[in-house]
Amino acid sequence: MQSPIPIQEPAWLKEFKSFIMRGNVIDLAVGIVIGAAFTAIVSSAVEDLLNPIIGLLIGGIDFSNLFVVLSGERKASLEATREGGAAVLALGKFINAIIKFIIVGFAVFWMIKVLARFKGKEEAKAPPPPSRTEELLAEIRDQLKAR
């Protein structure tokens, strides 16, 4: 049964639907999901693999627990010191963030480089169709040869 009052879809809703269904927006959403998963992998690699090795090489320093107390009482760990109300500079967490940024930046650099290579191969495979000017010049050339 139809509604006695016709309900029209607002213009902004139609515009929003067309915006969301664009390929670019969907690609961006997929990229964000994959980026979040990749960030979790990089975080684990830095915190669980790289930092212990680097810490061992430079004398047993645990980067995740490297901090400077600005005011308050220093306790056994960063979390315990913060819970005690102390103001701290979490240098280890900052170093971890820098390492993660470098790894992610390096991965994105190589991904873009590989994608550019694939894109270049695709463009090399299919030559662009001749322009209208080139077609006309070819016709003129053929007519001159025929004379």
Among the residues that make up the range 20-29, is at least one of them within 30 Å of I98 (Cα to Cα) and of a type in the set (G, A, S)? yes
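Collect the residues in the range 25-75 that are of a type in the set (S, T, Y) and over 29 Å from the mean Cα position of the chain (by Cα), keeping them in residue-number order.
First, pick out the residues of the range 25-75 that are of a type in the set (S, T, Y): 39, 43-44, 64, 71.
The one that is of a type in the set (S, T, Y) and over 29 Å from the mean Cα position of the chain (by Cα): S71.
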So which residues in the range 1-42 are of a type in the set (K, R) and outside any helix (DSSP H, G or I), if there are any at all? R22
Taking the range 37-59 on its own, how many of its residues are hydrophobic (A, V, I, L, M, F, W, C) and closer than 16 Å to I102 by Cα? 9
Check Q8 against each of (1) among the polar types (S, T, N, Q); (2) without any contact (Cβ under 8 Å) to a residue 40 or more places away in the chain; (3) touching a helix residue (DSSP H, G or I) at 6+ places or on another chain (Cβ under 9 Å) and name the one condition it does not meet. (3)
Please specify each residue of the range 5-21 satisfying the condition of being modelled with pLDDT of 80 or more, surrounded by 10 or more Cβ atoms within 10 Å (Cβ to Cβ) and either in contact with a strand residue (DSSP E or B) (Cβ under 8 Å, 6 or more places away or on another chain) or aromatic (F, W, Y) (or both). F16
Selection from the range 44-67 of residues that are farther than 21 Å from V88 by Cβ and in contact (Cβ under 8 Å) with a residue 12 or more places away in the chain: A45, L50
Looking at G85, G92, which one is touching an Asp or Glu at 6+ places or on another chain (Cβ under 9 Å) and on the phi > 0 side of the Ramachandran plot? G85
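Being polar (S, T, N, Q), assigned to a helix (DSSP H, G or I) and exposed (fewer than 14 other Cβ atoms within 10 Å of the Cβ) is the filter here; which residues of the range 43-88 pass it?
If the condition is that a residue be polar (S, T, N, Q), assigned to a helix (DSSP H, G or I) and exposed (fewer than 14 other Cβ atoms within 10 Å of the Cβ), then S44 is the only one that fits.
The values are calculated or read from the model by the stated rules, or taken from the named source; none is laboratory data. Quick caveat, the model's predicted, so the values are computed rather than measured. All Cβ positions, even for glycine, are placed from backbone atoms using ideal geometry, and neighbour counts span all protein chains on display.
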